[in-house]
Structure formats: C-alpha cells, structure tokens
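The values are calculated or read from the model by the stated rules, or taken from the named source; none is laboratory data. Every value quoted in this text rests on a predicted model; they were computed, and no experiment measured them. Using ideal geometry, Cβ is built from the backbone for each residue, glycine included, and neighbour counts are taken over all protein chains shown. Quick note on the areas: whole protein, heavy atoms, side chains included, nothing else; ligands and nucleic acids left out. Shrake-Rupley method; radii C 1.70, N 1.55, O 1.52, S 1.80 Å.
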Amino acid sequence: MPPLDIIIASAECAPVAKAGGLGDFVHGLARELIRQGHRVEVVLPRYDCLRLESMVGLEKIPLELRLPHFATTLPCDLHQGRVEDIPCWFIDPRSPQDFFRRGVIYGEPDDPERFTCFAVAVLEFLAHCGRRPDVIHCHDWHTGLVPVLLDQVYRARGLERTRVCYTLHNLGYQGRVGEQVLRQVGLDAGRLLTPERLGDPADPRLVNLLKGGIVHSHYITTVSPGYAREILTTEQGLGLQATLGARADCFAGILNGIDVRVWNPLTDPRIPQPFGPDRLQAKARNKEVLRQRLGLAQDPKPLLAVISRLDAQKGVELIRHAILHTLARGGQAVLLGTAQNPLLDRYFRILQRETATSPDCHLELGYDEDLAHLIYAAADLLVVPSLYEPCGLTQMIAMRYGTVPVVRRVGGLADTVFDAHHSDRPFIERNGFVFEDPTPEALAGALDRALGLWFEHPAYFRQLRLNGMAADHSWARPARQYAAIFDRIRDKGREGG
Ligand code: ADP
C-alpha cells in the first residue's frame, strides 16, 4: 500500500493532553502508523494545561488563521511541536472567552462552543496551508463537525479529495447541543437540523454532533467488534442505532491496542520486581511490596484488584459487591479509582470507611499512575463488571502482567476475555472468567470459580495467567486495520496514489 497522509484531529493525545482512554488511543495508533511508514500528524487544541515536559520544541508558527465565528472572525495562532516521534499542531484561538485557557481539557459549560471552534480551526488550518491529506481521522463528538464542515464548506476550498474516518469511543457522550454551534461556524441550521442529518433522535430541536459525524464521514469505526454489534443492534446505541444502521456498509469495530512498551512487566521501571512468562514466580515479590505499602496482611490469599473510573458505566454496585464477596471468601481486595460524580465519590468513601479496619482491603480514591502499575503487577485477579464497555484497556493491561480478568460479557471485554470453563476457544486461549448478567449473583458465580481455582488448582490458575500473557494486544494489528480502511476510502484518482 502506498504511504498514507493522515491528519488525526482529536481533543486528546497522551501524554501531553490526556484525560482518559482517547489520549492513549491517539498516541498509540499515531506512533504505530508512523512506524508502518505513513505520514501522520496530530492536531490538538493548545490547552494551557498541556504537559509541556512530555514535548519537544513547541514553537509558534508565523501565521495567523481567521476562524468564522458568528458574524465575525476570530484570529487564531498555530503552534508546532513533537510528542515523542509524533508531529503535532496546536490550535490556539485568540477568543475573548479564552476557549482553551481553562486549566482543564473538558468539563466546561461551553465545551460545545470550544470544540466547535477547534473543529473549524482544523479545516481552516489545512485549507489555509494548502495541505491535502488523504484522510482526516476524527474522534468522538468534539470533532463531529469536521466532516460536516468538510462536506458543506471546505470541499470547495481545495479539500475535495480528503476523506474522513470517524471513530466512536463512547456513545454515552453525544454532544447534544443547541443550534447556535452551527451558526457559530456559518453552517445553515435550516438545512442541517433535520432527522437525516444532525437532528437529535430524542429531541429534534437539538443538534447531535456525534450523529453529524456518523452521517457525514466516509467511514465510521468503533473500538471493538463487540461494541460495534451492540450499538448497531441494541439499546446500547442510545438512540443512534438507525443512524448507524444506515451506514452499516462502512462501519466496523476494530479492537484497540495497548502500548506494549509502556505496559511490559519485563522492563517496567515503575514495578519493584520485573517478571515475564519464564519468570512468573518473581511476580509474587510485587504482591509483597504492594501489601507492605498498603498495610495489607502477608497471608496466602488471592488479591483482587479494581482500577477504574468510578462511573455508573463501570458497574459501581457490582464493584462494591466484588470487593465484599472476595473478602467474604477469604481473599484480599484493592481498589484504585476516581469518581467525578459526588454521589459516587461518597458511595466509595463509605465503603472505604466500612473496610478501613480490615487487614485484607484497601481503597485508594485518587489517580495514581505509579500505583496502577504496581497493582497490575501484584494482583491475581482484576474485576471489570461494566454495564457497557466500548473496549476497555484495564483487562488487556492486567493480562500483560499475569493478572487474570473477571469481566462481564459486554463490548470489548467479550472480545478479549475468554472464560476458563465455558468458552468455545481452545484451552490455550482461555484467559479469564466471564459472566453474563449485571447482577451480584452472576458476578459472584464467576468470582467463586476464579477464587476456587486459585485456592485449589494453582497449576491451572498459573496456566490462565500464562495464556493471558501470550496474547498480542499491541497496536501492530489494529494500526494495519485502520490503514486498510484509510486506503479503501482514499481518493485513488490522486496522482501517484
Ligand atoms: P475508560 O477509558 O473508560 O476510563 P479504559 O479501561 O479504556 O477505561 O482505560 C482506563 C485507563 O485509565 C487504564 O490505563 C487504567 O490503568 C487507567 N486508570 C483508570 N483509573 C485510574 C486511576 N485511578 N489511577 C491510575 N490509572 C487509572
């Protein structure tokens, strides 16, 4: 395949601008596509909270863009830098509202206006600089207007051969907003706010930015085959099933990768004792260190871990149940998590108090990258009881560290975890425990099987660890799948293409 010229337009790219999984995705995919020989550049907002220490050479470009903004235009600066080997562009509108000088990536009341400004700036930048990429790869509702603007405005400004691939990371966030965002960038609300285009399925008076992206892109992907099926055919589509159904011939689920250089138990500088499949017994030292650090008893007990945003999506009641059930069955439990929602924060602080005197339980309510690495390396089991899960990274990371996942059969969890007892996969591919219904009983059944094997059949349990460690969750394959899609949609009429 001839090399592709790809622009990734995203609200996040780890580690310079990361709020969650999207940042890891953009970083991992961009690096691997570059390694495979493609030209890739990432365009991001120039947040004031960029982690500049993880960048090389951020410099302002001597050029000023003018962005359409209601009846006027906004001046916009452009900066250039590198995140490791990824060339990045940073959009810096000089707006009276200081759109990207808020100290945060998301969570502002005017997020729709902020990212609408970003979307138009991406295209204005390309048009102004005479850039004609094969593909713009857009992500989530923040960039849903990019394909709409390309179709309505920028195709006629020299970008007629550029195609858009749009990736859905979580349908729980659709960007349902008032029509002023269309007027903000000079789009015709009368023409676009229709059921066929950007009209929200539940409230036709609202613009649905995610839907706009789905309708106007040349190809749509999501982050696992399982989630692709669910959002197309069940209520997990959250009102967008029909919109996706109409695009089914150019819609695919591609399983995310993880950065296997960062998540490598043989070389991870954040864990006290390196280990690998050939030296699996060394993993035990990490468990010892974690227990010491958290004040847990050094007893011959299995250790269950939770590393998660504490959000309703993640099955918070089931998380609580998993911890209490494990303790009742003679195991230990560790949770590392953060809750944005104050009610959920309280819920877990109460559990923290209830278990405070137990020598077998520790709840750490905060974000701690180092501790996360140590827990993956130390634990025996990791539970992920999500109500829905587009892909999920924690179960894949856990497996790299010989920690066996216990998950609900949903989305990307169902695509990556294969039950020790009930799977149609050959034994060598079985790597965890899976339950169906989002109920305490179903979860307890899977946990009992996992804890039972740990106590009574250690050799069998060890083999599950090894099976998980042997799986390839790197970005190599997913990046080739994305490149194949980009190649399929690119304008083959291009000279030399
Ligand atoms: P989501 O993107 O829905 O939050 P994923 O499973 O896709 O969930 O990715 C979660 C990522 O965030 C993983 O890398 C996990 O290790 C990390 N993570 C989650 N919570 C914490 C925390 N409290 N401290 C450190 N890392 C965390």
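At-a-glance table
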| quantity | calculated |
| --- | --- |
| Check on E369, charged (D, E, K, R), near the ligand (Cβ under 9 Å from one of its atoms) and modelled with pLDDT under 95 | yes |
| Checklist (1) away from the ligand (no atom under 16 Å from the Cβ); (2) farther than 14 Å from I375 by Cα applied to D311, failing item | (1) |
| Residue match in segment 123-132 (condition: under 18 Å from F25 (Cβ atoms), touching a residue at least 40 places away in the same chain (Cβ under 8 Å), open to solvent by less than 30 Å² (accessible area, probe 1.4 Å) and not small (G, A, S)) | no |
| Flag for L363 being over 19 Å from the mean Cα position of the chain (by Cα) and at negative phi | yes |
| Options L381, L413; residue that is away from the ligand (no atom under 15 Å from the Cβ), within 22 Å of Q463 (Cα to Cα) and either among the hydrophobic types (A, V, I, L, M, F, W, C) or modelled with pLDDT under 95 (or both) | L381 |
| Hits in segment 384-399 (condition: away from the ligand (no atom under 12 Å from the Cβ) and closer than 20 Å to I258 by Cβ) | M399 |
| So R31, is it open to solvent by 40 Å² or more (accessible area, probe 1.4 Å), of a type in the set (D, E, K, R) and in contact (Cβ under 8 Å) with a residue 60 or more places away in the chain | yes |
| Count of segment 317-347 residues which are over 17 Å from A446 (Cβ atoms), assigned to a helix (DSSP H, G or I) and touching a Leu at 6+ places or on another chain (Cβ under 6 Å) | 1 |
| Cross-chain or 6+ apart pairs with Cβ under 6 Å, segment 53-65 first and modelled with pLDDT of 90 or more, then surrounded by 11 or more Cβ atoms within 10 Å (Cβ to Cβ) and assigned to a loop (DSSP other than H, G, I, E, B) | M55/V16 |
| Pairs with Cβ under 7 Å, 6+ apart, first in segment 325-338 and touching a residue at least 12 places away in the same chain (Cβ under 8 Å), second assigned to a strand (DSSP E or B) and hydroxyl-bearing (S, T, Y) | G337/S308 |
| Top-ranked residue of segment 270-308 - restricted to ones that are open to solvent by 30 Å² or more (accessible area, probe 1.4 Å) and within 16 Å of the ligand (Cβ to nearest atom), ranked as nearest to the chain's Cα centre (by Cα) | R270 |
| Among the candidates L206, L168, L193, L159, residue that is surrounded by 24 or more Cβ atoms within 10 Å (Cβ to Cβ) and of a type outside the set (D, E) | L168 |
| Identity of the residue in segment 198-257, outside any helix (DSSP H, G or I) and of a type in the set (S, T, Y), that ends up nearest to the ligand (Cβ to nearest atom) | S224 |
| Lone unmet requirement of (1) assigned to a loop (DSSP other than H, G, I, E, B); (2) away from the ligand (no atom under 12 Å from the Cβ); (3) touching a residue at least 24 places away in the same chain (Cβ under 8 Å); (4) surrounded by fewer than 23 Cβ atoms within 10 Å (Cβ to Cβ) for F461 | (1) |
| Residue within segment 45-67 that is of a type in the set (V, I, T), touching a Cys at 6+ places or on another chain (Cβ under 9 Å) and in a strand (DSSP E or B) present | no |
| Considering residues of segment 342-366 that are more than 12 Å from the ligand (Cβ to nearest atom) and either touching a Lys or Arg at 6+ places or on another chain (Cβ under 8 Å) or at pLDDT below 95 (or both) only, the residue nearest to R285 (Cα to Cα) | D360 |
| Elements of type helices (runs of 4 or more DSSP H) contained in segment 111-197, each with 1 or more residues being within 16 Å of the ligand (Cβ to nearest atom) and touching a Lys or Arg at 6+ places or on another chain (Cβ under 9 Å) | none |
